[in-house]
1. What relative contact order, as a whole-number percentage, does the chain give when Cα pairs under 8 Å and 6 or more residues apart are counted?
2. Once both labels are modelled 7 Å past Cα along the beta-carbon direction, what's the Arg93-Asp118 spacing in nm?
3. Nearest 10 degrees, 0 to 90: what angle lies between the long axis of helix 121-131 and the longest principal axis of the chain (Cα atoms)?
4. When a footprinting reagent is the concern and you count Cβ atoms within 10 Å, what order do Thr39, Thr8 take, fewest first?
5. Residues in region 77-101 near a label at Val24, defined as backbone nitrogen under 12 Å from the 7 Å Cα→Cβ point?
6. Under the rule of -39500 (n - 2.57) per DSSP H run of 4 or more residues, summed and divided by the residues of the chain, what mean residue ellipticity at 222 nm is obtained, to the nearest 500 deg cm²/dmol?
7. According to a simple spin-label model (label point 7 Å from Cα along Cα-to-Cβ), what is the distance in nm between Glu45 and Leu148?
8. For Glu75 paired with Tyr38, estimate the spin-label separation in nm (one decimal), with each label point 7 Å from Cα along the Cα-to-Cβ line.
Amino acid sequence: MKCPFCGTLDNRVIDSRLSQAGEVTRRRRECEGCRRRYTTYERVEQVLPYVIKKDGRREPFDRMKILAGLRRACEKRPVSAERLEGLVDQIEREMVETGDKEVSSTTVGERIMDALRDLDQVAYVRFASVYRSFKDIHEFMDELSDMLQDPSGGPKKRA
């Protein structure tokens, strides 16, 4: 492991801990060259599917892109960074477990919206307004009406 401060490859592990879910190992390291400490995270590399975009392009599944969208939707909301990370972990795990080599961006987007609806309804509406590209206020109001009419508090599934 290369030291981020001096670039030396010699280091020693001071402490190792598993995450709560046991999927990530956090290691505290000390550089043998400059004696500074830094943290690394290890996770098992999984074969993630390619995402087929609406225009037909294919791109690798990108957890950071999903996390960035969730952060924007949850900005100034009482949702912790840990909850967002956990949500992305869950979505990523679901995509891997399907075993599919390709998945549509619509499938990923709908899964994100399902999770957000359960997490924070305001964040859900923010995400939906961008994801669904409402053409006017009437489409937006229809989404809100669906949300208010559903006894579970979430919108009805679209066909």
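1. Answer for the chain is 14 percent.
2. Between Arg93 and Asp118, the simple spin-label model gives 1.1 nm.
3. Compared with the principal axis, the helix lies near 80 degrees.
4. Thr39, Thr8
5. 81-90
6. On the way: 5 runs with 67 residues, N = 159.
Mean residue ellipticity, 222 nm, calculated: -13500 deg cm²/dmol.
7. Label-label distance for Leu148 and Glu45, simple model: 5.1 nm.
8. 3.0
Read-outs throughout are calculated quantities, based only on the coordinates presented, and are distinct from any laboratory measurement. Values in this document were obtained by computation on a predicted structure and should not be read as measured data. Neighbour counts run over all protein chains shown; Cβ positions are idealised from the backbone, glycine included.
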